[in-house]
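Below: the structure, in structure tokens.
Please treat every number below as a calculation from the coordinates, not as lab data. Note that the structure is a prediction, hence the values are computed from the model and not measured.
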Amino acid sequence: MNTKFELSTHLAGVMKAVVEGVKRSLVVVQNGRHGAGAGVVWRAGGYIVTNFHVAGKGSLRAVLGDGRTYVAHRVAGDPEIDMTLLQVDEPDLPVAMIADGRGVRVGQIALAVGHPWGQRDVVTAGIVSGLGSA
């Protein structure tokens, strides 16, 4: 029995399952003037969170993985923390499962799933190297 192989295979399976679960809630946020970036369906009612720099100042569209496209409206934004809340007129989007971040520790594996520059389903992994003081 190769324990390293079994651990690697198990970890790969867990990571794949996490990515598949998250992908359902991801959207491409298109800003006519500045290209595209990622957003995540955060709450029921069509609420989507994205980066402030992604939302920019132009008109916005949110494109789901199945191709459905919605006009997105800015609800709130904060350039200091680089976050914007958008809303689309679709109450039944698949909402992301949000975990309690208070349990995150230095040394844990972290996954980032998104749509940088409009490329769908880009995934990268890293290690939590530090925690902010919040």
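Odds and ends about this structure:
- Rounded tilt (10° steps) of 3-23 against the dominant C-alpha axis of the chain: 10 degrees
- The helix-based estimate of mean residue ellipticity at 222 nm for the chain, built from -39,500 (n - 2.57) per DSSP H run of four or more residues and divided by its residue count, is -6000 deg cm²/dmol to the nearest 500.
- In the elastic network of the chain, a GNM with C-alpha springs shorter than 10 Å, the most mobile of 100, 121, 92 is 100.
- GNM remark for the chain: springs join alpha carbons under 10 Å apart, and the peak mean-square fluctuation among 105, 74, 120 falls on 105.
- Span per principal axis, largest first, for the Cα atoms of the chain (Å): 56, 37, 26
- Springs between Cα atoms under 10 Å define the GNM used for the chain, and in it the highest mean-square fluctuation of 65, 103, 45 occurs at 103.
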